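Bear in mind these aren't lab numbers, they're just calculated from the coordinates by the rules spelled out. A quick note: this is a predicted structure, and the numbers were derived from the prediction, not measured. We place every Cβ from the backbone using ideal geometry, glycine too, and count neighbours over all the protein chains shown.
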Amino acid sequence: MTASLDTAISVLAHSQRLLVFTGAGISTESGIPDFRGPEGVWTKVDPADFTIERFLGSSEHRVRDWERRFSSGVFGAEPNAAHRGVTDLVRRGPALGVVTQNIDGLHHAAGLEPDSVVELHGSSRVAECVGCGHVEQMGEVRSRWEDGERDPQCVRCDGIVKPGVVLFGEPLPTAEMARANAMAANADGVLVIGSTLSVYPAAFVPLDVVAAGHPMVIVNLGATDHDRL
């Protein structure tokens, strides 16, 4: 057993209010690629295609965006053993909740209650109108898309519908950020799974736990900028 593993086990054993922070790496076993790995999303598409400006700017872009989203593996993905393990940590203790960068909804699918999960970057399981704010299940939008509505419009006001996720150029949801900060303030340790902690302001959540003097364990295939904290 390595010293680092001994340390990790010790941290988990003694924490009573553990914050679990997850990134794309936790969902790769569910068939969802990460972003920065050798086969990651950013090796195949231009991040600039995921800006709110481009999405709102042209129907042609939205048609391509919806096609890409609905042909991805996100919508058929199922939780894996890591998601179920995190659920067990929350249900049985010592974890107080999960803050995730992921939009796949797999923590919910693994059985966590909504008040135990903060989705900082939104959820691909819902869609929202940028005009009136109406929210509907993504399955309903997909049904319309499959029926030929390639640039789905709001069923209430005919406005532009976008995925319920944070696109580049959009701020993080204020309410979700507040919930994440509250969890971090109450935590006495943080377990990071599948994140390089390189995306801000999301990464400030676990780092704030460390800044308060509490330990952090990082479980990730690659190195991060914070491995020595």
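Would you mind calculating the relative contact order of the chain from Cα pairs under 8 angstrom and at least 6 residues apart, reporting the percent as a whole number?
Dividing the mean separation by the residue count of the chain yields 25 percent.
After finding the eigenvalues of the alpha carbon gyration tensor for the chain, what semi-axes result from the square roots of 5 times each, listed largest first in whole Å?
Result for the chain: semi-axes of 33, 18, 16 Å.
Mean-square fluctuation check for the chain, GNM, Cα pairs under 10 Å: which of L89, L56, L197 is largest?
Of the options given, L56 has the highest mean-square fluctuation.
What does the charge dipole of the range 156-229 about its Cα centre add up to, to the nearest 20 debye, if the Cβ of each Lys and Arg holds +1 and the Cβ of each Asp and Glu holds -1?
On the way: 4 positive and 7 negative charges, 28 e Å.
Here the range 156-229 has a charge dipole of around 140 debye.
Of V219, V199, V165, which has the largest mean-square fluctuation in a 10 Å C-alpha GNM of the chain?
V199
Only Lys, Arg, Asp and Glu count, each charged at its Cβ (+1, +1, -1, -1), so figure out the dipole size of the range 96-148 about its Cα centre, rounded to 20 debye.
For this selection, approximately 80 debye.
Quick check on the chain: helices-only [θ] at 222 nm, where DSSP H runs of length 4 and up contribute -39,500 (n - 2.57) each and the sum goes over total residues. Nearest 500, please.
-9500 deg cm²/dmol
Would you order I160, I9 from fewest to most other beta-carbon atoms within 10 Å of each residue's own beta-carbon?
Working: I160 17, I9 12.
The fewest-first ordering by Cβ neighbours comes to I9, I160.
Give me the distance in nm between label points sitting 7 Å out from Cα along the Cα-to-Cβ direction at S198 and D88, one decimal.
It is 3.2 nm.
For the chain, with a Gaussian network of springs between Cα atoms less than 10 Å apart, report the residue from D151, D104, D46 with the top mean-square fluctuation.
Between D151, D104, D46, it is D46 that shows the largest mean-square fluctuation.
Sorted from fewest to most neighbouring beta carbons within 10 Å, what does the list T196, T28 look like?
Ascending Cβ contact count within 10 Å gives the list T28, T196.
Which residue, chosen from A82, A13, C132, occupies the Cα position most advanced towards the positive end of the dipole of the chain, where the dipole is computed from +1 (Lys, Arg) and -1 (Asp, Glu) charges on Cβ about the Cα centre?
A13
Tell me which of W66, S123, I52 sits at the most positive position along the dipole axis of the chain, charges placed on C-beta atoms (Lys, Arg +1; Asp, Glu -1).
Final value for the positive-end residue is S123.
Among F50, F75, F21, rank each residue by its count of other Cβ atoms within 10 Å, from fewest to most, as a rough exposure measure.
Lowest to highest Cβ neighbour count: F75, F50, F21.
Could you size up the charge dipole of the chain around its Cα centre, putting +1 on the beta carbon of Lys and Arg and -1 on that of Asp and Glu, and report it in debye to the nearest 20?
Values: 19 positive and 30 negative charges, 55 e Å.
With only Lys, Arg, Asp and Glu charged at Cβ, the dipole is about 260 debye.
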